[in-house]
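Participant: Please find one structure pasted underneath; my questions will follow.
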């Protein structure tokens, strides 16, 4: 199936964080990889990316869905929900997701939804596992209700492998974005680079001292700054992602990607 207008919605994962282009100033991510593969099959493809880091589903519904609907896409991907879990914002999650998908399904021939990987694999987030499982069940239910494509990332045997993630162990890294793009393209029956789903080599078992050093580096450079940022934002009434804008707010040829 060929697509001519592809719009991506979501949070930092859809924006492409931790998969930078060589210029180091912009992010690629699985959405750009997906768009490039789709354009190989349909060169006239137009692609927009409305995703903004830190956005919850209620914010995606209010800020991104109306812009996406106005662009009349025939393909939409919506990756979100992680920030709802991390910010303990559950009350409006189901309603926001259902309303967003209903609106998108009205205009797009194909809507793609995603489950979330196991955030509880990280120390300090294990109490989220029950909520995470409930959210993934919700995504599956909404996908079935509106006949959308569901990419269940939990089916990837390497879903929880640390090598798929960036330095903060939360956002996808280069390999993780490639694998998600491959899963999306496979669900759309579009060829993908076969190397993107290649089995990873056996993980190297580090000595205890190296594990401890890496753990301390992660806490120092990622956990402490994240906690400090959360506290600071609460004090000044800011939300994660405030001040950031979509990287591709309007439909444009894929050839214009960096």
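Participant: Cα convex hull of the chain: mean projected area in nm², to one decimal?
Facilitator: 13.9
Participant: Among 25-38, 55-68, how do they line up by average Cβ neighbours within 10 Å per residue, starting with the highest?
Facilitator: Going from most to least packed, we get 25-38, 55-68.
Participant: Within region 79-103, what residues put their amide N at less than 20 Å from the label point 7 Å along the Cα-to-Cβ vector of residue 134?
Facilitator: 80-100
Participant: May I ask for the angle, rounded to the nearest 10°, between helix 208-218 and the longest principal axis of the chain, with both axes built from Cα atoms and the value confined to 0 to 90°?
Facilitator: It works out to around 60 degrees.
Participant: Can I ask one more? Kindly rank 40-48, 86-94 from highest to lowest mean number of other beta carbons found within 10 Å of each residue.
Facilitator: Packing order, densest peptide first, comes out as 40-48, 86-94.
Participant: Using alpha carbons only, how many angstrom separate the centre of region 55-87 from the centre of region 99-128?
Facilitator: 10
Participant: Based solely on its DSSP helices, what 222 nm [θ] is calculated for the chain when runs of n ≥ 4 H residues each add -39,500 (n - 2.57) and the sum is averaged over all residues, nearest 500 deg cm²/dmol?
Facilitator: On the way: 9 runs with 99 residues, N = 258.
Computed mean residue ellipticity for the chain: -11500 deg cm²/dmol.
Participant: Can you tell me the 0 to 90 degree angle between the C-alpha axis of helix 129-146 and the longest principal axis of the chain, rounded to 10?
Facilitator: Relative to the chain, helix 129-146 is tipped by roughly 10 degrees.
Participant: Could you check the simple spin-label distance between residue 121 and residue 141, using points 7 Å along Cα→Cβ, in nm with one decimal?
Facilitator: About 2.6 nm, to one decimal.
Participant: Quick check on the exposure proxy: order 179, 154 from fewest to most C-beta atoms within 10 angstrom. Don't skip to the end; give the middle numbers.
Facilitator: Numbers: 179 23, 154 14.
In increasing order of surrounding Cβ atoms, one gets 154, 179.
Participant: Rounded to the nearest 10 degrees, what's the angle between the helix 93-107 long axis and the longest principal axis of the chain, both from Cα atoms, 0 to 90?
Facilitator: The two axes meet at around 30 degrees.
Participant: Need one number: nm distance between label points at residue 106 and residue 168, each 7 Å from Cα along Cα→Cβ, rounded to one decimal.
Facilitator: Using points 7 Å along Cα→Cβ, the separation is 3.4 nm.
Participant: Would you please put 170-178, 189-197 in order of how densely packed they are, using the mean number of other Cβ atoms within 10 angstrom per residue and starting with the highest?
Facilitator: Descending mean neighbour count gives 170-178, 189-197.
Every number in this text was worked out from the coordinates using simple rules, so none of it is lab data. Note that the structure is predicted; figures quoted are calculated from it, not measured. For neighbour counting, all protein chains shown are included, and Cβ atoms are generated from backbone atoms with ideal geometry for every residue, glycine included.
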